[in-house]
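A short worksheet on the structure shown next.
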Amino acid sequence: CYKVFLCCNQLRAHVMAESIKVLCRFRPPNSREKAMNADIVVRVSDDHTLCEVTHPDKTKQPKPLNFNFDAVFDWTSTQTEVYEHAASHLVDQIFEGFNATIFAFGQTGAGKTFSMEGKLGSPHRGIVPRTVESIFEHIADA
């Protein structure tokens, strides 16, 4: 899992509640994990705001650990879904004069680069190319 922090410098009181959001995205199992037949130890709630982590060895951690986020994306989430929920609204806000930041962090191999960059020129492109496209669309429409 890695986390994405979304920050927008909001000056108006009615949008202050949306200043910082914390999102979490889980990548699908990689080829090594598949070859080892590794357990998937994460469950995402139906409302996509909670992730439950279960230790594969119940004797070491008998109860699952629960973590709440503003949004949780599992390994089936698409790049489009992540962009629409995590970043698309920030483009509108920067054209209203606000500052915006998307900050991704996590362990090496967690999927940050795929989420942020993706596969350029394809439907699997990430947040950065989609944001740039949206910015230029806003400029063209102005």
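For labels at Val22 and Val128 in the simple 7 Å Cα→Cβ model, what's the distance in nm?
Between Val22 and Val128, the label points sit 2.5 nm apart.
Name the residue from Phe95, Val22, Ile135 whose Cα lies farthest towards the positive end of the charge dipole of the chain, charges +1 on Cβ of Lys and Arg and -1 on Cβ of Asp and Glu.
Val22
Quick check for me: using +1 on Lys/Arg Cβ and -1 on Asp/Glu Cβ, what's the dipole size of the chain about its Cα centre, in debye to the nearest 20?
Using only the charged Cβ atoms, the result is roughly 700 debye.
What value, in deg cm²/dmol to 500, does the helix sum -39500 (n - 2.57) over DSSP H runs of n ≥ 4 give at 222 nm once divided by the residues of the chain?
Only helices count here, giving -7500 deg cm²/dmol.
List the longest stretch of the chain that has no exposed loop site; here a site is one of the trypsin sites (Lys or Arg not before Pro) assigned by DSSP to anything other than H, G, I, E or B, with at most 10 other Cβ within 10 Å.
61-142
Taking a ≥ b ≥ c as the square roots of the eigenvalues of the Cα gyration tensor of the chain, is the shape rounded (a/c under 1.5), prolate (a/b larger than b/c) or oblate?
oblate
Relative to the first principal axis of the alpha-carbon coordinates of the chain, what is the inclination of helix 127-141, with its axis defined by its Cα atoms, in degrees from 0 to 90 and to the nearest 10?
20 degrees
Computed from the coordinates by the stated procedures, all read-outs in this text should not be read as laboratory data. All of these numbers come straight from a predicted model, not from anything done at the bench. Cβ sites come from the backbone with ideal geometry, for glycine too, and all protein chains shown count toward neighbours.
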